[in-house]
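J.: What follows is a structure written as structure tokens; I'll ask about it next.
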Amino acid sequence: MSMTFSQQVITIAMVVLGTMLTRFLPFLLFPGEKRTPAYIQYLGRVLPSAVFGLLVVYCLKNVHLFSGSHGIPEAVSIALVVGLHLWKRQMLLSIAGGTICYMLLVQTIF
Amino acid sequence: MVQLERKKIKKAFQAAFPHTIPIFTGFWFLGMTYGVYMHVCGFSFWYPMVMSLVIFAGSVEFVAANLLLGAFNPLQALTLTLMINARHLFYGISMLEKFRGMGWKKFYLIFGMCDESFSINYTAEIPSDVDKGWFMFFVTLLNHFYWFFGATLGGVLGALVQFNTEGLDFVMTAMFVVIFLEQWLKETKHTSALLGLFLPTVCLVLFGAENFMLPAMAALLAALTLLRTHIEKGGASS
């Protein structure tokens, strides 16, 4: 592990701070009956889709298309996750299916 | 008086518990996976135990594990958390009214307002003879407990059970793919979702795996701000 213990504590504290800011801020900013600014409302509607896209890319940041397994196990497993989810729309099933598929692929074939 | 209060609390608990049963399954599964994942990443069970208690925001905790493995960068940790959890701002805005006058419980209700607690507390039709404050308190507390218990158990079991965990880290990818897909299916216009895949990929190529997140977040905010008229014209997402 490259971080020292105090660096880890600071990192976790930052995550706690960020989470608490997003949860408490509305109650601090709008204690009365004030209307939320339109721009903030707009961000609230569009930001989630973009952020989850960003997180998918974040998860795949260490995949190399031109070396190693060329991202094939990732591509196959993501396709399975999407397929399972479109079929059954059961979140846990899709996650478990994709993960098991990936584990089998990297442990046996790649 | 004390007996009456106790009866009120018991009644609220009995009303709240059934609402949390679906979350129970999900949080155990994901919490345990998170605990095992932390073990695979090289952390003892103390980490998932403490993190599940003090953060209580599932997706961020998986990301936090990755942050802890990378280079020390508190600003990125804060910004990334703010971006991932930005949706909580809107939960808060929706709950301004419902949490009013909840006294000391309000602090905990806001602290523990994860996606699942929010959606139950926001939508549940609380019977008029059940105390609303205690009902929402128990929904939040039970969910928090399921997650904490699952994460801790996963952390402990991860160390005890010996099996080949190679590739288990894919659980985080699978989870975000599913959430992304859920968003996609709910919205009519996919501009934001597509930007969310495209701009970070460009930044990844330009800046590399260690440094692309901050520029990617900045690019997304800028693009969404610039394209606001375009996106809002065609009917907003969800």
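The values are calculated or read from the model by the stated rules, or taken from the named source; none is laboratory data. Because the structure is a prediction, the values reported are computed rather than measured. Positions of Cβ are backbone-derived with ideal geometry, glycine not excepted, and every protein chain shown enters the neighbour counts. Heavy atoms of the whole protein, side chains included, go into the accessibility calculation; ligands, DNA and RNA do not. Shrake-Rupley method; radii C 1.70, N 1.55, O 1.52, S 1.80 Å.
A quick yes/no check of all residues on (1) open to solvent by 40 Å² or more (accessible area, probe 1.4 Å); (2) farther than 17 Å from residue A:84 by Cα; (3) at the interface with chain A (Cβ under 8 Å from one of its Cβ atoms):
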site	(1), (2), (3)
B:180	no, no, yes
B:184	yes, no, yes
B:188	yes, yes, no
B:192	no, yes, yes
B:205	yes, yes, no
B:211	yes, yes, no
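J.: I want to confirm something. Restricting to the stretch B:75-86 and keeping residues that are farther than 25 Å from residue B:39 by Cβ and modelled with pLDDT of 90 or more, which single residue is most open to solvent (accessible area, probe 1.4 Å)?
T.: Ranking the candidates gives B:75 first.
J.: Separate question: Scan the stretch B:87-97 for residues that are facing chain A (nearest Cβ under 8 Å) and either charged (D, E, K, R) or surrounded by fewer than 20 Cβ atoms within 10 Å (Cβ to Cβ) (or both) and report the count.
T.: Result for the stretch B:87-97: 3.
J.: Let me ask you something else. Of the residues B:60, B:50, which single one is closer than 30 Å to residue B:220 by Cβ and part of a helix (DSSP H, G or I)?
T.: B:60
J.: Can I ask one more? Under the condition of being part of a loop (DSSP other than H, G, I, E, B), among the polar types (S, T, N, Q) and farther than 18 Å from residue B:94 by Cβ, which residue from the stretch A:16-69 is most open to solvent (accessible area, probe 1.4 Å)?
T.: Among them, the one singled out is A:62.
J.: Within the stretch A:82-97, is there a residue that is closer than 21 Å to residue B:32 by Cα and among the hydroxyl-bearing types (Ser, Thr, Tyr)?
T.: Checking the stretch A:82-97: at least one residue is closer than 21 Å to residue B:32 by Cα and among the hydroxyl-bearing types (Ser, Thr, Tyr).
J.: Here are the criteria: (1) under 29 Å from residue B:221 (Cβ atoms); (2) surrounded by fewer than 21 Cβ atoms within 10 Å (Cβ to Cβ); (3) facing chain B (nearest Cβ under 7 Å); (4) not basic (Lys, Arg). Tell me which single one residue A:13 does not satisfy.
T.: (3)
J.: Only one of these conditions is not met by residue B:43: (1) crowded, with 20+ Cβ neighbours inside 10 Å; (2) part of a helix (DSSP H, G or I). Which number is it?
T.: Unmet for residue B:43, out of (1) crowded, with 20+ Cβ neighbours inside 10 Å; (2) part of a helix (DSSP H, G or I): (2).
J.: Against the condition out of contact with any helix residue (DSSP H, G or I) (no Cβ under 9 Å at 6 or more places or on another chain) and not hydrophobic (A, V, I, L, M, F, W, C), how does residue B:125 come out, does it pass?
T.: Spelling it out, residue B:125 is indeed out of contact with any helix residue (DSSP H, G or I) (no Cβ under 9 Å at 6 or more places or on another chain) and not hydrophobic (A, V, I, L, M, F, W, C).
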